[in-house]
Amino acid sequence: MIDLSFLESLIQAIDRSSLDSIEIERGGTRIRLAKTPGVAVNGLVPAQAAYAPMVQSAPPLPITVPAPATSVDSPAETAPAEQAQPQGNLIDVVCPMVGTFFRSPAPDAPPYVEVGSKVAKDDTLCIIEAMKLMNELDSEVAGTIAEVCVQNADPVEYGQVLFRLTPA
C-alpha cells in the first residue's frame, strides 16, 4: 500500500516539474499520475488514464460566531430569531463538506465528544466520511460541547451545524 504523504509529494513534484506523467510500482501497487488525461503510452490510451487520482484532505473546520443578540419588543418576532441563531455566546461548528457524520472512530467505540465534554483547540470532534475518505474534524477553539445537532451516521451538507459549543 502506498503512503498518502508519499502520494501527495509525488503529485506536488509533478505539478512543479515539466513531466507530463509518471508511473510507479511500489509494494505491488501501481500508480499512474498524469497532468493531462488520456496521455498515450506506446500508442495506446489505458482506460484508467482518463481518471486522475484525487487526494482529499479535510479543510479547516469553519466556525461561525453569531452576532450579539438584540432585544426585540414583539414576542412573535423573538421565537423565530432564537431558532435560527444559537442563544447566548454559543459557537456553531459547521460541516466543511458533504458527507456522512460519525461521532466515533468505530461503531463499537465511544463518541469523541458528548454534551458537556470539554474540548481543547485541535481536539477531534467527529469524522466526516466523504468519497470513502474518513476526515477527522478538529475544534478550532477550546470550550464545552453544549449541543450535538446531528445523529450518528446521518448525511450532512456543507455549512450544516454539527455542534454548538460554549467557548472557554
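The values are calculated or read from the model by the stated rules, or taken from the named source; none is laboratory data. Treat the numbers as computed from the prediction; the structure is a model and nothing was measured. Backbone-built Cβ (ideal geometry, glycine too); neighbour counts: all protein chains shown.
Summary table
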| item | result |
| --- | --- |
| Any hit, segment 98-112, residues being in a loop (DSSP other than H, G, I, E, B), at pLDDT 95 or above and closer than 19 Å to Pro167 by Cβ | yes |
| Residue match in segment 110-133 (condition: in contact with a Pro (Cβ under 7 Å, 6 or more places away or on another chain) and among the small types (Gly, Ala, Ser)) | no |
| Breaking point among (1) closer than 25 Å to Leu4 by Cβ; (2) loosely packed, with under 15 Cβ neighbours inside 10 Å; (3) at pLDDT below 90, for Asp73 | (1) |
| Candidates Ile145, Ile128 - the one that is touching a Leu at 6+ places or on another chain (Cβ under 9 Å), free of Cβ contacts under 8 Å to residues at least 40 places away in the same chain and of a type in the set (Val, Ile, Thr) | Ile145 |
| Matching residues in segment 113-168 - criterion: being over 17 Å from Asn89 (Cβ atoms) and small (Gly, Ala, Ser) | Ser117, Ala120, Ala130, Ala153, Gly159 |
| Segment 122-168: number of residues that are in contact with an Asp or Glu (Cβ under 6 Å, 6 or more places away or on another chain), in a strand (DSSP E or B) and farther than 22 Å from Asp108 by Cα | 2 |
